[in-house]
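S.K.: Structure below; questions to follow.
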Amino acid sequence: MATTRDNVTIEIIIAGEPIKLLVPFDQQDKVRECERQVNALYSDWRARFPRKTPFELLAMIAYQYASYYQEMTERYDRITESLRLTSESLDDILESVSE
């Protein structure tokens, strides 16, 4: 029986193309959800943009997810900086109280 630390090989299908992946056993559901989300967007955009080739649609999807990733990275950086400043402020307060 596989444990959460074991990697397993799974096959997903994106836009009709099979892709074999080696993923941690406990991450399979996340991978399958990503597969579902990408395929749902592909199907939706195929209907909305019937003149686009499959390659164009996949390029559009790649851009869409890359822009999401960039936005999340920027949010993460802002939050991390805010937490760092808050932690420094709290350290200063604690230091002044203990003096």
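The values are calculated or read from the model by the stated rules, or taken from the named source; none is laboratory data. Since the model is a prediction, treat every value here as computed from it, not as a measurement. All Cβ positions, even for glycine, are placed from backbone atoms using ideal geometry, and neighbour counts span all protein chains on display.
S.K.: May I ask you to list pairs of residues, at least six apart or on different chains, whose Cβ atoms are under 8 Å apart, with the first in the stretch 18-42 being assigned to a helix (DSSP H, G or I) and the second being of a type in the set (Ser, Thr, Tyr)?
M.R.: That search, which allows pairs on different chains as well, returns Phe25/Thr3; Phe25/Thr4; Asp26/Thr4; Val38/Tyr65.
Conditions (1) surrounded by fewer than 11 Cβ atoms within 10 Å (Cβ to Cβ); (2) in contact with a Leu (Cβ under 9 Å, 6 or more places away or on another chain); (3) closer than 14 Å to Thr9 by Cα; (4) not aromatic (Phe, Trp, Tyr), marked per residue:
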position: Lys20; (1), (2), (3), (4): yes, no, yes, yes
position: Gln28; (1), (2), (3), (4): no, no, yes, yes
position: Val31; (1), (2), (3), (4): no, yes, yes, yes
position: Glu35; (1), (2), (3), (4): no, no, no, yes
position: Tyr42; (1), (2), (3), (4): no, yes, no, no
position: Arg48; (1), (2), (3), (4): yes, no, no, yes
position: Thr53; (1), (2), (3), (4): yes, no, no, yes
position: Ala59; (1), (2), (3), (4): no, no, no, yes
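S.K.: State all residues of the stretch 14-56 that are under 16 Å from Tyr68 (Cβ atoms) and among the hydroxyl-bearing types (Ser, Thr, Tyr); if no residue qualifies, say none.
M.R.: Residue satisfying the conditions is Tyr42 alone.
The rows are residues; the columns are (1) under 16 Å from the mean Cα position of the chain (by Cα); (2) without any contact (Cβ under 8 Å) to a residue 40 or more places away in the chain; (3) assigned to a helix (DSSP H, G or I); (4) at negative phi.
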site: Leu57; (1), (2), (3), (4): no, no, yes, yes
site: Met60; (1), (2), (3), (4): no, yes, yes, yes
site: Tyr65; (1), (2), (3), (4): yes, yes, yes, yes
site: Arg75; (1), (2), (3), (4): yes, yes, yes, yes
site: Leu94; (1), (2), (3), (4): no, yes, yes, yes
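S.K.: Here is a follow-up. Considering only the stretch 11-19, I want to know if a residue exists there that is at negative phi, in contact with a helix residue (DSSP H, G or I) (Cβ under 6 Å, 6 or more places away or on another chain) and not aliphatic (A, V, I, L, M).
M.R.: No, every residue in the stretch 11-19 fails to be at negative phi, in contact with a helix residue (DSSP H, G or I) (Cβ under 6 Å, 6 or more places away or on another chain) and not aliphatic (A, V, I, L, M).
S.K.: Could you list, in sequence order, all residues of the stretch 1-18 that are surrounded by 10 or more Cβ atoms within 10 Å (Cβ to Cβ), touching a strand residue (DSSP E or B) at 6+ places or on another chain (Cβ under 9 Å) and modelled with pLDDT of 95 or more?
M.R.: Answer for the stretch 1-18, where residues must be surrounded by 10 or more Cβ atoms within 10 Å (Cβ to Cβ), touching a strand residue (DSSP E or B) at 6+ places or on another chain (Cβ under 9 Å) and modelled with pLDDT of 95 or more: Asn7, Val8, Ile10, Ile12, Ile13.
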